[in-house]
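J.: Got a structure for you, written out below as structure tokens; questions coming shortly.
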Amino acid sequence: MQQGTLMRKVKSKSWKKQRYFKLQDDCMTIWYQSKRTGKTESAFSISDVETVREGHQSEVLQSLADEFPPERCFTIVFYGRRGNLDLIASSAEEAQCWVQGLRQLIEPRSFPLTSALVSCTWIRDWFQKADKNKDGRMNFKEVQRLLKMMNVDMNEDHALRLFQAADKSESGTLEGEEFVLFYKTLTQREEVLSLFRDFSEDGKKLTLLELVDFLQQEQLEDEGTEELAMELIDKYEPSETARARHVLSADGFLMYLCSPEGSIFNPRHRALWQDMSQPLCHYFISSSHNTYLIEDQIRGQSSIEGYIRALKRGCRCLEVDCWDGPNGEPMVYHGHTFTSKIPFREVVSTLGKTSWGTSSSPPPPMGASPPSSRPQSNAGPGGQQVPWRRWVPKVPTSLSPTPQELKHKILLKGKKIGRLEDTLDGPGDEAPNVSDDDNGAEAEAEAEEERRRAKVGGIQHGSALQKDKESLAQALSDCVIYCKSVSFRGFQEARSHSRPSEISSLSEAKARKLIRDAGNEFVRHNTWQLTRIYPSGMRTDSSNYNPQEMWNMGCQIVALNFQTAGMEMDLCDGLFSQNGRCGYVLKPPFMRDEETLFNPNDPGSWEGPSPITLTIQVISGQQLPKVANSKDGAIIDPLVRVEIHGVPADQAHQETKYIENNGFNPYWDETLQFQLHVPELALVRFVVEDYDKTSRNDFVGQFTLAFANIKPGYRHVHLLSKDGTSILPSSLFVHIGITE
């Protein structure tokens, strides 16, 4: 047996240990062993790996950039809160071997597992977990243990019958193909077979024409259905003979329904499908708050990992708070708190390496970071020179640029001396306008946060203009072009004196007051100028406000704490999971018209189309995960809740009954119905919970998407964990109907 690949496991700049790493024969497990002692230290499953990053894409590896070239470095990122594994290979070739190999192993997980894939992935994981004595066989007692692990409460006699039917060798144990047969019998989908037989004349196959009938009648596919049917057969039919005859077996039918083409999410909308040539203010933009923080707002850790995670998640607007540091070098941290500090140079370096990768997605609009950055410079004028001295802005050609025009560019949102027109036309005689947007008469609870944001190098706004000018370095001012920060003093004032190249920031409390008092004016304002919303200063635990009410007003830059999982980040991920995950979503036409009459608080005052009816038949669930930290042998009682998030008139939720003791294949067959007045703004959230009659239900999984991305017909909803990562093969099987 080979000893494995010798690589350095790195935890810090000074902690570098050599370990042998090896992929086990099952192609699902990796162990590593100490070079010095030979003792196996740990192992992890491929199913635990979320992604693999190449180069110096972690805080630890960046600190070693001068010592080891990026070609030899890579990072394994795990699901959940497990720490990253940073590795340094002995050569670039060896690093590539591991990076490409790991990516190929985790790639199949982007498709739900079915009977054709189960023998080499999901099934091996279960087999290894249940094979307690590790003899490569499974006796009936171990099968019973497996059923409990898989969330199945099965009658012992029925389980024994399944076991004996699969034990072809009559050895009293299951191994290899016998266990695969047992698993396939266990996972047989009667509701899918019934649907298959409804369209199959002989009950054994779907001919090309029968499949076309299904696609047209049930899936409401109306273009190129015969070509689509041929494509699905070629792609998902496991039998070569059936493919040659252009027919689809029951196995192939199930594989199609579990595929991206059978998902509730329109696969065409996964790619960049929207018009990207509109002004920047016509888009919702994925935005984060205090991006450098990965914990709370007072004592939490500042880390470049916060930027990496946000960018990988599609965030296009980042926040960088710069303060004076040692030797005139600026540091990034949450000012006037006890959060840790990171050098500004490391942040900029990370942004440059991570912002786009190989993608050409549009940039972000904001501060001091890459795709969209918002630099909050609290450093003195000298310190301000350091971060920006190598940024050479190009003269703008338009006051309202588009994402298409801004590809691979970085916009800085910040204060500016003078106007954008001065940048275009040359310096003028107008007094410098150095204003900050994050101030105002907010609730007392937010006063401290407002005071912190109103500071520039320790000089409060309200000082003389000359002092303001002295507090802002000209080099930094010159870098701010399209996103000049201005104070918000009312919609009338903005209409009279503001420009499309300017942006105002509002606290969530101030935004809510404007929503209540001037809904239509707020919507109109956001048709021509950018607005940023940020969390209350009282959210020291990094909790989030509901972004939907801000999107209802057309606010483009709704900044959230990306490190905090929950419904709010589910909505954010749901909205921005479309359009190639580029972080930009085009607002509906009535939110781009400067004369719009739309008011989300009163949809009746707006002459939009008639409401539509969304009907969701929740049919069944598949292989739902157990609740975290549950007791051994505990089996969930799942229920499904469907939530509509949109304008107030559309906000609603309904739920199914709970199914006792079955997380493996629960069957509900319940119909939920919703009326949507403004479907263009609606998000639909599916939530699975473990019912508890004595306390709060436990979270099991969720999936959120914009109504505009829903495909009608029989669809699978592939569930995500609380932090937004995949928990395949857990899913719901539903039927979607949409009527006007």
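The values are calculated or read from the model by the stated rules, or taken from the named source; none is laboratory data. Remember, predicted model here, so these are calculated numbers, not experimental data. Methodologically, a virtual Cβ is constructed for each residue, glycine included, from the backbone with ideal geometry; neighbour enumeration extends over all protein chains shown. Surface areas here come from the heavy atoms of the whole protein model, side chains and all, with no ligands, DNA or RNA. Shrake-Rupley method; radii C 1.70, N 1.55, O 1.52, S 1.80 Å.
J.: Can you tell me which residues in the stretch 5-49 are open to solvent by less than 30 Å² (accessible area, probe 1.4 Å), outside any strand (DSSP E or B) and either modelled with pLDDT under 80 or touching a Phe, Trp or Tyr at 6+ places or on another chain (Cβ under 9 Å) (or both)?
T.: Those that are open to solvent by less than 30 Å² (accessible area, probe 1.4 Å), outside any strand (DSSP E or B) and either modelled with pLDDT under 80 or touching a Phe, Trp or Tyr at 6+ places or on another chain (Cβ under 9 Å) (or both): 26, 28.
J.: Restricting to the stretch 296-352, give me the number of residues that are open to solvent by 30 Å² or more (accessible area, probe 1.4 Å) and under 19 Å from residue 565 (Cβ atoms).
T.: Total satisfying the criteria: 5.
J.: Are any residues in the stretch 198-249 in a helix (DSSP H, G or I) and aliphatic (A, V, I, L, M), and if so, which ones?
T.: Matches in the stretch 198-249: 208, 209, 211, 212, 215, 228, 229, 230, 232, 233, 242, 244.
J.: Look at residue 94 and say whether it is open to solvent by 20 Å² or more (accessible area, probe 1.4 Å), closer than 30 Å to residue 69 by Cα and at pLDDT 75 or above.
T.: Yes: the conditions hold for residue 94.
J.: Right, next: Check residue 559 against each of (1) open to solvent by less than 30 Å² (accessible area, probe 1.4 Å); (2) outside the structural domain of residue 518 (by the TED database) and name the one condition it does not meet.
T.: Every listed condition holds for residue 559 apart from (2).
J.: From the list 367, 383, pick out the single residue that is at pLDDT below 90, open to solvent by less than 30 Å² (accessible area, probe 1.4 Å) and not assigned by the TED database to the domain that holds residue 409.
T.: 383
J.: Here is a check on your reading of the model: is residue 266 touching a residue at least 40 places away in the same chain (Cβ under 8 Å) and at positive phi?
T.: Taking the combined requirement at face value, the residue does not satisfy it.
J.: Can you tell me which residue within the stretch 655-682, out of those that are under 12 Å from residue 614 (Cα atoms) and in contact with a strand residue (DSSP E or B) (Cβ under 8 Å, 6 or more places away or on another chain), is surrounded by the most Cβ atoms within 10 Å (Cβ to Cβ)?
T.: 679
J.: Of everything in the stretch 503-545 that's of a type in the set (A, V, I, L, M) and open to solvent by 10 Å² or more (accessible area, probe 1.4 Å), which residue is nearest to residue 563 (Cα to Cα)?
T.: 538
J.: Count, please, the residues in the stretch 681-711 that happen to be over 12 Å from residue 642 (Cα atoms) and more than 16 Å from the chain's Cα centre (by Cα).
T.: Looking only at that region, the number is 17.
J.: Being open to solvent by 10 Å² or more (accessible area, probe 1.4 Å), within 17 Å of residue 403 (Cα to Cα) and in a helix (DSSP H, G or I) is the filter here, so list the residues in the stretch 566-588 that pass it.
T.: Answer for the stretch 566-588, where residues must be open to solvent by 10 Å² or more (accessible area, probe 1.4 Å), within 17 Å of residue 403 (Cα to Cα) and in a helix (DSSP H, G or I): 576, 580, 581.
J.: If you don't mind, another one. Quickly run through the stretch 212-241 and pick out the residues that are under 17 Å from residue 199 (Cα atoms) and among the small types (Gly, Ala, Ser).
T.: 229
J.: Also: Out of all the residues in the stretch 260-295, which are open to solvent by less than 50 Å² (accessible area, probe 1.4 Å), more than 30 Å from residue 235 (Cβ to Cβ) and either among the hydroxyl-bearing types (Ser, Thr, Tyr) or assigned to a loop (DSSP other than H, G, I, E, B) (or both)?
T.: Answer for the stretch 260-295, where residues must be open to solvent by less than 50 Å² (accessible area, probe 1.4 Å), more than 30 Å from residue 235 (Cβ to Cβ) and either among the hydroxyl-bearing types (Ser, Thr, Tyr) or assigned to a loop (DSSP other than H, G, I, E, B) (or both): 278, 279, 283, 286, 287, 288, 289, 290, 291, 292, 294.
J.: Assuming residue 698 fulfils every condition listed in (1) out of contact with any strand residue (DSSP E or B) (no Cβ under 7 Å at 6 or more places or on another chain); (2) over 28 Å from residue 215 (Cβ atoms) apart from one, which condition is it?
T.: Unmet condition: (1).
J.: Is the stretch 601-622 home to any residue that is assigned to a loop (DSSP other than H, G, I, E, B) and crowded, with 22+ Cβ neighbours inside 10 Å?
T.: Within the stretch 601-622, none of the residues are assigned to a loop (DSSP other than H, G, I, E, B) and crowded, with 22+ Cβ neighbours inside 10 Å.
J.: Give me the pairs, please: first residue somewhere in the stretch 659-686 and under 15 Å from residue 708 (Cα atoms) and of a type in the set (Asp, Glu), second residue anywhere and open to solvent by 10 Å² or more (accessible area, probe 1.4 Å) and not in a loop (DSSP other than H, G, I, E, B), beta-carbon distance under 7 Å, and either six or more positions apart or on two chains.
T.: Going by the 7 Å Cβ cut-off, the qualifying pairs are 680/708.
Conditions tested, residue by residue: (1) basic (Lys, Arg); (2) closer than 19 Å to residue 733 by Cβ; (3) in contact with a His (Cβ under 6 Å, 6 or more places away or on another chain); (4) part of a loop (DSSP other than H, G, I, E, B).
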| position | (1), (2), (3), (4) |
| --- | --- |
| 657 | yes, yes, no, yes |
| 660 | no, no, no, yes |
| 670 | no, yes, no, no |
| 680 | no, no, no, no |
| 684 | no, yes, no, no |
| 708 | no, no, no, no |
| 716 | no, yes, no, no |
